[in-house]
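Beneath this line is the structure, given in structure tokens, with notes to follow.
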Amino acid sequence: MPHPTTTLTPRICPNCDGFATAAITTGNRDTCGHLHTLTTDCRVCDGLGTVPARRVREGARA
């Protein structure tokens with residue numbers, strides 16, 4: 001009889017808490033008055049907001 005397999009769901013990135021992309025203003029404005037912004041991604045999850053799940057070993061302490 002085959003054993004049921006457990007799927008490992010990705011967990012929320014501990015570095016960015018799931019907010020993987022941020023827009024940062026430079027403080028400068030163009031001639032129309034719009035703020036210049038830079039879009040940056042989280043270094044840990046590469047802008048995904050999740051990281052691969054870790055396998056829990058049996059008998060391991062939490």
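The values are calculated or read from the model by the stated rules, or taken from the named source; none is laboratory data. Since we're looking at a predicted model, the values are computed, not measured. Cβ placement follows ideal geometry from the backbone for every residue including glycine, while neighbour counts extend to all protein chains displayed.
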Which residue pairs have Cβ atoms under 7 Å apart, sit 6 or more places apart or on different chains, and have a first residue in region 14-33 that is farther than 13 Å from Asp46 by Cα and a second that is exposed (fewer than 10 other Cβ atoms within 10 Å of the Cβ)?
Ala23/Thr39; Ile24/Leu38; Thr26/Leu38
Which of (1) at pLDDT 90 or above; (2) in a loop (DSSP other than H, G, I, E, B); (3) surrounded by 10 or more Cβ atoms within 10 Å (Cβ to Cβ) is the odd one out, the single condition Gly33 does not satisfy?
(3)
Of all residues in region 17-30 being surrounded by 10 or more Cβ atoms within 10 Å (Cβ to Cβ) and of a type in the set (A, V, I, L, M), the one that is nearest to the chain's Cα centre (by Cα)
Ala20
Tally of residues being at pLDDT 90 or above and not in a loop (DSSP other than H, G, I, E, B) across region 1-25
6
